[in-house]
């Protein structure tokens, strides 16, 4: 498998990435990202909510739902803060029982992969793939938001298999972007992700193999997901899946269980992105590039030495902080963001992978896909008026 199969090109200037320079980590220590607005942004996930914005989509009810959706994920993340660990975001999970002393043997790695995927789906994974551990995507070091200190990455490189999972985010909630309400789709994705990767890692440990559950910590998830065949890379800097478009949150399990690996897939995303640009046009702060893939870096939050579409994380996060909730406008307007349980959405996806992709793009706009749904209309569907 080559890097180009996975949708990117590595140049001679490539350098592995330190978690310290992730834009969210920088928002705790770098004055170019940290601000009173960013501090207020984080407080909205914890404090009484009647003091925040009164606009549609930013009421106390909207924040209440968003924050409740994060609650399960937060319980795991905050459990070991007294040990300077924020598991799932800065550190891998350690809330696991010991590895069983005796191993269950599989006849082949393919048999093991088939079983692991079946179990992962049983625990609630919407998508699951397997790839070899690629050390290039491990963080060179971890960084603590709590103490402001860096420390070595503790993922052993002899855990040679990586199971990558994806949790779908709610389509109808994403249609209300930008809003605090839409952030509930993100929180639910992470809360479900924590359950899946912790349960799957414990299952593997019960079989007698080492396994470490991980969400946003320890390694870059998107290149691993590309290698594991979960989707394609896109202009908006996100993984695009055939099943859910860009609406997924990713998790990882590192293990020494020998597993058969998957291969990258192609279904026309790159070619579609080359002729589209809708996400770049819709971004309110111009954080998404409009040109060809390149090695250009906006700042140190971008990878060095990778030819791809890169997003300006500083500008993107600045908008998040200004509006007191995460933004996914690019995700909402993107033509692959559809409810693929509908036949016509699947037909549109097939069309987007052909030379008629320009017609699909025109039709998508003509029919109003990507338009914002008012948050109060979302509430009207789920609660009595």
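The values are calculated or read from the model by the stated rules, or taken from the named source; none is laboratory data. Remember, it's a predicted structure, so these values are computed and weren't measured experimentally. Here Cβ is always computed from backbone atoms with ideal geometry, including for glycine, and neighbour counts include all displayed protein chains.
Note on the stretch 362-384: residues that are assigned to a helix (DSSP H, G or I) and either in contact with a strand residue (DSSP E or B) (Cβ under 8 Å, 6 or more places away or on another chain) or within 20 Å of residue 177 (Cβ to Cβ) (or both) total 10. Of the residues 212, 204, 163, the single one that is under 28 Å from residue 353 (Cα atoms), crowded, with 21+ Cβ neighbours inside 10 Å, at pLDDT 95 or above and touching a strand residue (DSSP E or B) at 6+ places or on another chain (Cβ under 7 Å) is 163.
Taken as a whole, the condition of being touching a residue at least 40 places away in the same chain (Cβ under 8 Å) and in contact with a helix residue (DSSP H, G or I) (Cβ under 7 Å, 6 or more places away or on another chain) does not apply to residue 103. The single condition among (1) closer than 19 Å to residue 283 by Cα; (2) modelled with pLDDT of 95 or more; (3) buried (at least 19 other Cβ atoms within 10 Å of the Cβ) that residue 372 does not meet is (3). Exactly one residue out of 207, 236, 257 is in contact (Cβ under 8 Å) with a residue 24 or more places away in the chain and closer than 27 Å to residue 177 by Cβ, and it is 236. At least 3 residues being at pLDDT below 95, on the phi > 0 side of the Ramachandran plot and buried (at least 24 other Cβ atoms within 10 Å of the Cβ) is the threshold, and among the helices (runs of 4 or more DSSP H) wholly inside the stretch 227-336 not one reaches it. The sole residue among 41, 93, 76, 14 that is within 24 Å of residue 137 (Cβ to Cβ) and in a helix (DSSP H, G or I) is 76. Taking the criterion of being under 28 Å from residue 382 (Cβ atoms) and surrounded by fewer than 17 Cβ atoms within 10 Å (Cβ to Cβ), the residues of the stretch 26-44 that qualify are 42, 43.
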